[in-house]
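Notes follow once the structure below has been shown.
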Amino acid sequence: HRVHAAEHGPSVATGQARRRTTRPTEITNVSGTRRPCSFVASRCAVVVRSRPSMDATAEELIARLRRDPDDFEAFRHLGEHYRRLGDHASLANLLEGWAKRNADAARAGRAFHEAALLVMELGDLPRAESLLVQALQRDPSFEDADAQLAVLFEHRGDTTALLQHLTHRAAHFASAGDAARLAAIEERIGQTYQHRLGRPDRALAHYRKA
């Protein structure tokens, strides 16, 4: 794992931040590989505890951040330190805290998203869901967070939550004047009504909007 430079956003590593569109049947893990939903199902019952990381290095960097929460160098080095330790729980906490303080919506969204991927790896799907929601609240155009949140709803079989999410996204794209993405969401809503709820009448209404 690398730590993105400040100009490229939240992820605490050097290199260009990249957005990738995740296929709806997959969830991306923190190593950048993509795992099917069945992988998440096998992990959701077991939350891996983080290894102890309060060594001298971590304590020094945390002290710096307490004195100055905007000390990006301390933030970056602490993130690198947690990555070397494999302490994904602490890294997720660091990213979430940074995202909540960051005024840049896109960077905050990416930080929330990365934190969500980390806690997904640890099996904490409810927290991952919350982090993805926060990512979209800060950056509504973030496609990866959008797709992965829909996957989580589908995985737990919560069609009501899935439809609410898709309807909210449709409203966002309509207000933004994004006709192509609005059409794709309307088609997805139609498919959900047709295949999950057995409501071809409702599905047809949304297919017509698409």
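Numerical summary
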read-out	value
Matching residues in the stretch 65-92 - criterion: being under 17 Å from M120 (Cα atoms) and in contact with a Phe, Trp or Tyr (Cβ under 8 Å, 6 or more places away or on another chain)	H88, S90, L91
Residue list for the stretch 52-84, restricted to those being surrounded by 12 or more Cβ atoms within 10 Å (Cβ to Cβ), modelled with pLDDT under 90 and more than 17 Å from A99 (Cβ to Cβ)	S53
Which numbered condition L149 misses (of (1) farther than 30 Å from R83 by Cβ; (2) in a helix (DSSP H, G or I))	(1)
From S90, S175, S141, residue being touching a residue at least 40 places away in the same chain (Cβ under 8 Å), open to solvent by 20 Å² or more (accessible area, probe 1.4 Å) and among the polar types (S, T, N, Q)	S90
Residue in the stretch 180-200 that is farthest from T159 (Cα to Cα), counting only those that are open to solvent by 90 Å² or more (accessible area, probe 1.4 Å) and out of contact with any Phe, Trp or Tyr (no Cβ under 8 Å at 6 or more places or on another chain)	H195
Filter pass, L117 being under 10 Å from the mean Cα position of the chain (by Cα), under 25 Å from A210 (Cβ atoms) and buried (at least 21 other Cβ atoms within 10 Å of the Cβ)	no
Single condition G123 does not satisfy, out of (1) open to solvent by less than 40 Å² (accessible area, probe 1.4 Å); (2) modelled with pLDDT of 95 or more	(2)
Among the residues listed as L197, L118, L132, the single one being assigned to a loop (DSSP other than H, G, I, E, B), in contact with a helix residue (DSSP H, G or I) (Cβ under 7 Å, 6 or more places away or on another chain) and not small (G, A, S)	L197
Enumeration of residues in the stretch 144-172 that are open to solvent by less than 60 Å² (accessible area, probe 1.4 Å) and among the β-branched types (V, I, T)	V151, T159
Check on A108, in a loop (DSSP other than H, G, I, E, B), at pLDDT 50 or above and closer than 23 Å to S130 by Cα	no
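The values are calculated or read from the model by the stated rules, or taken from the named source; none is laboratory data. Here the structure is a predicted model, which means the values were calculated and not measured. Positions of Cβ are generated from backbone atoms using ideal geometry, with glycine treated the same way; all protein chains shown enter the neighbour counts. For accessibility, only protein heavy atoms count, side chains too; no ligands or nucleic acids. Shrake-Rupley method; radii C 1.70, N 1.55, O 1.52, S 1.80 Å.
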